[in-house]
1. Would a scan of region 90-98 turn up a residue that is under 15 Å from A124 (Cβ atoms) and in contact with a Pro (Cβ under 9 Å, 6 or more places away or on another chain)?
2. So, of the residues in region 25-39 that are more than 16 Å from M100 (Cβ to Cβ) and within 14 Å of the chain's Cα centre (by Cα), which turns out to be modelled with the highest pLDDT?
3. Quickly run through region 147-198 and pick out the residues that are charged (D, E, K, R) and closer than 20 Å to M100 by Cβ.
4. Please return the ranges of strands (runs of 3 or more DSSP E) entirely within region 91-185 where 3 or more residues are at negative phi, touching a residue at least 40 places away in the same chain (Cβ under 8 Å) and buried (at least 17 other Cβ atoms within 10 Å of the Cβ).
5. Being among the hydroxyl-bearing types (S, T, Y) and in contact with a helix residue (DSSP H, G or I) (Cβ under 8 Å, 6 or more places away or on another chain) is the filter here; which residues of region 156-168 pass it?
6. Kindly list the number of the only condition in (1) among the hydroxyl-bearing types (S, T, Y); (2) closer than 24 Å to A161 by Cβ; (3) at pLDDT below 65 that fails for T230.
7. For region 199-224, give me each residue that is modelled with pLDDT under 75, surrounded by 13 or more Cβ atoms within 10 Å (Cβ to Cβ) and either more than 17 Å from the chain's Cα centre (by Cα) or of a type in the set (A, V, I, L, M) (or both).
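The values are calculated or read from the model by the stated rules, or taken from the named source; none is laboratory data. Quantities reported herein were computed from a predicted structural model and do not represent experimental measurements. Cβ coordinates were reconstructed from backbone atoms using ideal geometry, including for glycine residues, and neighbour counts include every protein chain displayed.
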Amino acid sequence: MTHPVTKSSDAKSLHPRDIPRVISWNTTFKCNLRCAHCYMDSDSAVELEELSTEEGKMLIDQLAELSKPVLILSGGEPLMREDIYELAKYGTEKGLKMAMGTNGTLITDAVAKKLAESGVLSVAISMDSARPEVHDNFRGVKGAWERAIEGVKACQRNDIAVRFNTTVTQENFGEIEDILELADGLGLLDVQLFFLVPTGRGKEVEDITPEMYEQMIEDVLVKYADHPMTVKPTCAPQFMRIADNLGQDTSRWTRGCIAGMSYGR
């Protein structure tokens, strides 16, 4: 059973800065891949309770009552839900800005067309390596890299903004630059680099050291400071300090961690 997020009177009394601007909804535990770093331990056989279509619409109603945030449909793999287009369309009709986080392997031209028609404005596709064999090994399914790249192109052909999400680990730390060059070559305008979340299967993946993460942030800031493609580490509180130390203009980035303030999951 779902419960209202807040009463109408409470929502109206909230200060704008206290209302989340971005909400990520893990719509399902199911996934067609078996990624080594998955913090939800998702796979195709997972049978855990998730919101029904009507409950999902109730959730969207509650969010729309608060504000008109960006709603990221995530998972697991959100495209494993048969009603995902219906939910996306409903969110669009309620005035939410709909987005999706996906592994990209299920996005064909037909799927991208349906996403666009349902109002999905942007899609983030996970990319772990510029080398197909490394990405496929990490994702647990051969051919995942090629299908993800085809998913990128299908989104672009259907006028959906697309970016890469990359989780940085010991395995791919040395090729972050190659991943960024791949993104640039595909014409992407945004790449987000993520910390490893050490839960689920992610507990078995070796994380990078704090020193490595700091060096990566500095390298990215130096090379991409004036580049049209935005590259930003996520959940990296040291990001602003490093940018400021490098003398960069930090006004274009949100100050501080947005978790619990303008971002919710």
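1. Initially, region 90-98 is screened for residues under 15 Å from A124 (Cβ atoms), giving 97-98.
Filter again for in contact with a Pro (Cβ under 9 Å, 6 or more places away or on another chain), leaving 97.
Within region 90-98 (the criterion being under 15 Å from A124 (Cβ atoms) and in contact with a Pro (Cβ under 9 Å, 6 or more places away or on another chain)), the answer is yes, since at least one residue qualifies.
2. Quick first cut of region 25-39, residues more than 16 Å from M100 (Cβ to Cβ) only: 29, 34-39.
Remaining after also requiring within 14 Å of the chain's Cα centre (by Cα): 38-39.
Details: C38: 72, Y39: 53.
Ranking the qualifying residues of region 25-39, first place goes to C38.
3. R147, E150, K153, R157, D159, R163, D190
4. Values: elements: 97-102, 120-126, 161-167.
In region 91-185, the matching strands (runs of 3 or more DSSP E) lie at 120-126, 161-167.
5. Start the filter on region 156-168 by keeping residues that are among the hydroxyl-bearing types (S, T, Y), which leaves 166-167.
Of everything in region 156-168, just one residue is among the hydroxyl-bearing types (S, T, Y) and in contact with a helix residue (DSSP H, G or I) (Cβ under 8 Å, 6 or more places away or on another chain), namely T166.
6. Condition (3) is where T230 drops out.
7. Just the residues of region 199-224 that are modelled with pLDDT under 75, to begin with: 199-208.
Okay, now just the ones that are also surrounded by 13 or more Cβ atoms within 10 Å (Cβ to Cβ), so 200-202, 205, 207-208.
Those that are modelled with pLDDT under 75, surrounded by 13 or more Cβ atoms within 10 Å (Cβ to Cβ) and either more than 17 Å from the chain's Cα centre (by Cα) or of a type in the set (A, V, I, L, M) (or both): G200, R201, V205, D207, I208.
Condition check ((1) among the aliphatic types (A, V, I, L, M); (2) at pLDDT below 95; (3) outside any loop (DSSP other than H, G, I, E, B)) across all residues:
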{"site": "E55", "(1), (2), (3)": "no, no, yes"}
{"site": "M58", "(1), (2), (3)": "yes, no, yes"}
{"site": "D61", "(1), (2), (3)": "no, no, yes"}
{"site": "K68", "(1), (2), (3)": "no, yes, no"}
{"site": "G76", "(1), (2), (3)": "no, yes, no"}
